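Notes follow once the structure below has been shown.
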Amino acid sequence: MKKFMYALTLVAAVALATSCEKEKEPGNENPVDNAIQFVDGYISFYGTDYSETNNFNIVLYTDMTTDEEGYFNSKGQAVQLDLYTTDTVLVSGKYTLSTETYEAGTFDSEYTAWYEIDDEGNQTTLGIKDGVVELSINNDVYTINISLTDSLDSVHVGKFVGALEIYDERENPYAYEPKTPTALTIAAPADSIEVENYGDYMETGTDNLSITLWDDNYSVVLSLFVESGATELPVGTYTFATDYSAMSVEPGELFYGFFPVGSYAGNDEVMFWLVDGSVEVAKTDDVYTISGELKSYYGTTVKVSYTGAVTVLTAETESEAPAAKVARKAVRSAAKPLQLRK
């Protein structure tokens with residue numbers, strides 16, 4: 001799976017040196033000696049977010065000026081290399097081109113490209129159909145020799161020698177939660193509840209009841225799984241599990257970097273991903289009591305309480321399901337972001 005693809009915008013970090021080419025006598029050209037000299041760049045580490053092997057995406061560029069926002073505004077060239085290794089550190093060696101196999105010792109054709117940039121910063125993207133990347137790392141100094149053949153059969157040769165900063169871009173399913181534990185209480189008034197039944201959405205033989213409670217400071221979403229066909233909220237004790245079994249609470253996380261799923265609490269500024277504890281549901285006549293003492297991923301205690309009526313609404317079609325549920329079940333094949341850092 002790949003992340004959603006954005007239009008590539010070439011953005012400079014800091015240009016370190018000017019590019020140069022050696023003058024050669026006719027008939028004595030050496031492609032390596034005539035290589036485009038890349039002067040700066042960076043590495044994005046995606047780990048195994050998108051494949052079974054570890055993914056390192058390298059961006060290199062020649063000496064170019066930038067505008068006040070950091071965008072290139074002079075003539076130059078850049079290259080993007082999508083490398084795969086068995087290790088969580090980038091290793092020296094020769095990398096050959098592959099197509100969506102993501103094998104160690106290869107770089108992927110779909111996310112590798114050569115870019116030509118004009119005096120106004122406009123870019124031409126050249127897809128790659130063949131090539132070799134030779135990488136050597138010595139005391140944090142990278143020597144990268146590149147020979148790529150584009151889709152028009154033109155050969156592009158480049159070289160980089162220097163240090164490169166590595167950015168860890170692996171997805172964090174617990175983003176936006178403070179790592180220092182705290183405590184919060186959500187006491188929802190009688191008119192501050194919504195309950196929807198999304199049916200057997202995960203196709204496991206149980207129905208998913210999504211309960212949203214809120215007060216003036218926070219809201220909480222409790223993703224409960226119950227016996228199939230529920231028209232009311234079943235009473236009893238719900239405990240956390242990941243198998244969507246009846247009388248279970250689904251742990252919370254930020255799915256795919258965009259969608260909150262499962263059980264979580266928070267507001268516009270902070271999120272707490274609930275992963276432990278229990279939820280008690282009781283009923284006297286037509287009055288429900290919902291209570292829970294829950295723990296978030298980083299140890300925050302979240303106490304939840306509600307007393308009042310509960311009406312279970314039914315989502316009849318998949319199109320009515322929250323985007324998070326649609327996303328979780330979908331088979332994703334979108335591309336990862338290719339934007340370059342300022």
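Read-outs throughout are calculated quantities, based only on the coordinates presented, and are distinct from any laboratory measurement. Model, not experiment: these values are computed from the prediction. Please note: Cβ atoms are built from the backbone with ideal geometry, for glycine as well, and neighbour counts cover all protein chains shown.
All other residues whose Cβ lies under 10 angstrom from that of SER74 are scored, Lys and Arg at +1 and Asp and Glu at -1, for a net of -4. Around the amide H of ASP63, modelled in the peptide plane, lie the amide H atoms of SER19, VAL39, all under 5 Å away and 5 or more residues distant in sequence or on another chain. Provide the net charge surrounding THR86, with neighbours chosen by a C-beta distance below 12 Å and charges set as Lys +1, Arg +1, Asp -1, Glu -1. Overall, the nearby charge balance is -3.
Computed on the Cα atoms alone, the convex hull of region 126-240 gives a volume of 277 cubic angstrom per residue.
With a cut-off of 13 Å between beta carbons, the residues surrounding THR96 carry a summed charge of -3, where Lys and Arg count +1 and Asp and Glu -1.
Applying 1/(1 + (r/R0)^6) with r as the Cβ-Cβ distance of VAL155 and THR314 and R0 = 45 angstrom yields a FRET efficiency of 0.15. Put a dot 7 Å past the Cα of THR99, heading toward its Cβ, do the same for ALA241, and the two dots end up 4.6 nm apart. Enumerate the calculated ³J(HN,Hα) couplings along region 274-291 in order (Karplus 6.51 cos²θ - 1.76 cosθ + 1.60, θ = phi - 60°), each rounded to whole Hz, writing x wherever the residue is Gly or Pro. Per residue, the Karplus-derived 3J(HN,Hα) values read 7, 9, 8, x, 8, 10, 9, 10, 10, 9, 10, 6, 10, 9, 9, 10, 10, 9 Hz. Within region 132-149, whose backbone N sits under 20 Å from a point 7 Å along Cα→Cβ of THR86? Once the point is set 7 Å along Cα→Cβ of THR86, 133-137 turn out to lie under 20 Å by backbone N, inside region 132-149.
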